[in-house]
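Enquirer: I have a structure here, written as structure tokens, and I will follow up with some questions on it.
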Amino acid sequence: MGSREGSVGEIKRLKARIAELEKVAAEDKKSVDVMRKEKEVTQSLVRTAQVIVLVLDTKGRIVSFNPYMEKLCGYRLKQVKGKSWFSTFLRKKNRAKIRKVFLNAIDNVQTQGNINLIVAKDGREIFIEWYDKTLKDSDGNVIGLLSIGQDITERKKVEEELRKQKENLEELVNERTRELNERVKELSCLYGIAGIVGEEGRSLENIFQRVVEFIPKCWQYPKSTSARIIFERQEFKTKAFKEFSQKQASNIVTFGKTSGAVEVYCLKEKEYEGPFLKEERALIDAIAERLGRMVERKKTEQSKAFAKFPLENPNPVLRIAKNGEVLGSNGEGKKVLKAWKSGVGKKVSETWKKTTREALKAKSVMVTEATIDEKVYSFNMAPVADSGYVNLYATDITERKKADEALRESETKFRTLVDNITGITYRCALDEHWTMEYISDVVKEVTGYPASDFIGNRVRTYASLIQPDDVKLVHDAVHEAVDIKRPFTVEYRIVDSRGEIHWLFERGQAIYGDDGSLTSLDGAIFDITERKQLDKVKDTLIRDVSHSLKSPIAMVEIGLNMWKKGARLNREDDINNGQKIAYDSIKIVRRDISNIIEAFTLDMRKMERKKLLRKKKKKKKKKKVLLRTAVNEAIKNVKDLIKQKKLKVKINLPEGAHKVLAEKRDIGVLMGNIIDNAVKFTDHGGITISSKTNNNWLVISIKDTGRGILAKDKHKGFESFYKRNVSMEGTGLGLTICREIVEIYGGNILIKSKGAGKGAAVIVKFPV
């Protein structure tokens with residue numbers, strides 16, 4: 001009996017055990033189904049992610065990558081699975097370097113932000129920025145590498161374009177500076193020769209010798225240059241004169257005939273006329289022309305001096321009485337009288353009669369000019385007061401006038417050339433004020449002050465415009481270059497007449513006199529403010545991308561690892577949490593990238609608007625945007641969160657009124673960011689949106705009953721990346737973008753709050 005009862009008990013226990021095992025089996029089946037479904041969700045997230053998700057084994061062979069990578073590179077996963085990543089996607093020259101990075105990552109030394117090229121199926125080169133994570137099994141053994149990659153090819157293209165623009169600018173500055181230096185050298189040479197020619201009491205021989213010794217200093221290679229002037233069978237040479245094979249020459253013409261030549265010889269060879277610059281061809285022609293005019297003038301003066309008697313004078317000589325009667329004339333003078341329709345014993349015109357009386361009254365020699373039969377004469381009127389008449393000594397200065405006019409025209413062309421250079425050209429002293437001897441009118445376009453203000457420090461010094469922080473930088477750059485007799489380049493900031501900052505690029509060099517001493521600095525200055533602003537925008541974009549994507553991508557890794565661990569250990573909570581973290585992080589990446597692009601685009605548009613304003617071009621056309629439309633659209637975008645939090649939204653906007661003169665897209669972004677912030681930081685109560693006009697301003701108010709903000713933090717609200725709580729999602733760029741938009745249209749924006757937990761209000765004002 002006891003044995004039978006024991007058997008029955010054993011059977012019951014077995015049945016209970018069987019039931020228990022069946023229950024466990026059913027639960028296991030259910031867990032497997034859950035894992036399978038959640039695995040499918042996770043795989044879906046990886047497939048839709050707009051970043052590369054790549055898994056390599058410890059040998060660098062391809063285990064898997066997501067559809068985004070397939071679309072980017074042109075390969076299907078099944079085509080390259082199991083193949084070496086290095087030989088499939090990398091250029092041969094880069095493989096060793098990238099393999100070393102891979103081995104470090106496998107050895108648990110991950111890279112963050114490493115950039116390298118991969119090659120697509122069609123041969124395209126794509127720049128990828130990588131973030132790596134070592135993969136391990138449950139025992140801690142390394143089984144591979146997870147890499148998250150982002151396509152930054154467009155960013156690299158922008159950087160390359162900026163680099164090329166900088167090189168082009170420097171090349172242009174060098175070319176313009178060289179041209180300016182040659183023009184300044186030409187003008188300095190002609191001024192120097194004019195000084196020699198203009199000295200009183202010098203003979204022609206002395207003038208020619210001094211000029212020939214001066215010429216080599218004005219050429220490109222003065223130590224290798226010799227010069228000679230040949231005039232009327234006389235030769236004037238530089239010391240140790242040599243006739244090299246490379247030669248330039250220009251004829252000296254006097255009174256319409258060739259009477260000599262200027263010759264320049266050089267030992268070195270160059271592209272234009274051997275060793276000579278094309279500017280030097282114009283210079284030697286100008287020297288020869290000026291010497292010809294000088295000879296004509298000297299000979300004319302000598303002829304006049306030697307003509308002691310009127311009849312011997314080759315020029316017209318007249319004697320006119322106070323009443324205008326012609327008392328006498330030589331042979332050339334009669335030609336003048338004929339043109340005047342007068343003669344000896346007859347009277348001259350009322351004009352010459354008046355001039356004669358003025359000369360007698362002044363009792364001193366008067367000089368006047370007159371045109372007779374298309375010739376220009378200079379009349380020296382010498383009064384003989386006691387006798388009551390005036391002697392007129394006329395000199396034909398037609399050729400001299402033409403030459404002077406040609407010189408003025410040449411100098412005008414030179415000034416025009418200098419003024420048409422896009423930058424500021426100058427000549428200044430090497431002193432603490434950079435005292436200007438000459439500065440082109442372009443300076444007004446850049447600084448707002450006329451060129452005359454700076455000449456001789458008449459109104460202000462150029463040094464007074466330089467930012468105090470850059471004064472030493474400019475001083476050191478110039479003096480260091482001058483000390484070693486090299487051209488200098490320097491970038492620095494100035495403040496213009498409106499208080500605005502300009503970035504300038506300057507290139508120049510020292511100019512030395514006959515005795516080797518420094519006489520001045522010559523150079524050109526270019527406004528590179530736009531290039532600097534573009535560099536700043538680029539740097540901001542790179543910083544924002546790096547700042548915003550680092551944390552979300554790390555969260556994607558955490559989510560994937562949590563899902564992987566949960567799947568391995570059959571922990572449903574880890575799987576669910578891993579999926580949610582990965583999915584939410586990818587959403588954050590997308591939204592942050594959108595905000596960054598919006599901020600970048602806004603900066604570029606601000607730069608364009610400023611550029612258009614400076615050039616006084618027509619502004620981009622704006623339309624009136626209905627405020628209610630922008631508000632309704634913004635609320636529509638956050639309606640799910642409003643419903644979830646059970647918030648009340650009150651809109652006090654007049655129907656069909658209160659329009660903003662702006663671009664529709666800008667007002668949409670403005671209202672969207674402000675209302676999104678209000679909903680995000682309000683957990684109870686609601687939001688009130690209202691508007692009114694006040695003294696030519698449209699005032700828009702968005703009030704909430706949310707968490708508020710401390711008084712000490714109000715000014716931080718518009719700073720880039722500022723968050724009230726670092727754990728909150730988002731880039732922290734929303735209100736920064738709002739401020740930029742409002743300032744573009746001449747408005748302002750501020751935050752009001754009575755403190756933490758007491759709500760906040762954002763007030764926006766637009767001019768109407």
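The values are calculated or read from the model by the stated rules, or taken from the named source; none is laboratory data. Note that the structure is predicted; figures quoted are calculated from it, not measured. Cβ sites come from the backbone with ideal geometry, for glycine too, and all protein chains shown count toward neighbours. Keep in mind that these areas ignore ligands, DNA and RNA; they rest on the heavy atoms of the full protein, side chains included. Shrake-Rupley method; radii C 1.70, N 1.55, O 1.52, S 1.80 Å.
Enquirer: What translational diffusion coefficient, in µm²/s and rounded to a whole number, does the Stokes-Einstein relation yield for segment 221-264 at 10 °C and a viscosity of 1.306 mPa s, taking the hydrodynamic radius as the Kirkwood radius over Cα pairs?
Expert: Approximately 141 µm²/s, per Stokes-Einstein.
Enquirer: Under a 1.4 Å probe, what is the accessible area of segment 459-541 per residue, stated in Å²? Don't skip to the answer; put the middle values down first.
Expert: Numbers: 4170 Å² over 83 residues.
Spelled out: the 1.4 Å probe surface of segment 459-541, per residue, equals 50 Å².
Enquirer: Say each of N577 and K298 gets a label point 7 Å from the Cα, pointing the same way as Cα to Cβ; how far apart are those two points in nm?
Expert: Inter-label distance under the simple model: 10.3 nm.
Enquirer: Next question, about the same structure. Show S147, S517 ordered by accessible area, largest first, where the area counts protein heavy atoms only and the probe is 1.4 Å.
Expert: S517, S147
Enquirer: Here's a follow-up. Along Cα→Cβ, 7 Å out, is where each label goes; now give me the distance between the ones at L661 and T629 in nm to one decimal.
Expert: Once both label points are built, they end up 1.8 nm from each other.
Enquirer: Accessible area per residue, 1.4 Å probe, Å², for segment 83-152: what's the number?
Expert: On the way: 3670 Å² over 70 residues.
With all protein chains present, segment 83-152 gives 52 Å² per residue.
Enquirer: At a probe size of 1.4 Å, how large is the accessible area of I62, to the nearest 10 Å²?
Expert: 0 Å²
Enquirer: I've got another one for you. Going down the table (K83/K136; K257/K334; K692/K754; K217/K257; K217/K237; K93/K156), which pairs top 18 Å between alpha carbons?
Expert: K83/K136; K257/K334; K692/K754; K217/K257; K93/K156
Enquirer: Right, next: What distance in nm lies between label points placed 7 Å from Cα along the C-beta direction at T368 and L518?
Expert: 5.4 nm
Enquirer: Put V51, V443, V768 in order of accessible area, largest first, 1.4 Å probe: what do you get?
Expert: Values: V51 30, V443 0, V768 105 Å².
Result of the area sort, largest leading: V768, V51, V443.
Enquirer: Tell me, in nm to one decimal, what length is gained between W697 and K402 on full extension, where the rule is 0.36 nm per residue of separation less the Cα-Cα distance?
Expert: Contour length minus Cα-Cα distance gives 99.6 nm.
Enquirer: Find how much the distance from E358 to E205 grows on full extension, using 0.36 nm per residue of separation minus their present alpha carbon separation; answer in nm with one decimal. Write down the numbers at each step before the final one.
Expert: Values: separation 153, 0.36 × 153 = 55.08 nm, distance 4.03 nm.
Length gained between E358 and E205: 51.1 nm.
Enquirer: Work out, step by step, the length gained on full extension between H684 and E491: first 0.36 nm times the residue separation, then minus their alpha carbon distance; give nm to one decimal.
Expert: Numbers: separation 193, 0.36 × 193 = 69.48 nm, distance 5.51 nm.
Between H684 and E491, full extension yields an extra 64.0 nm.
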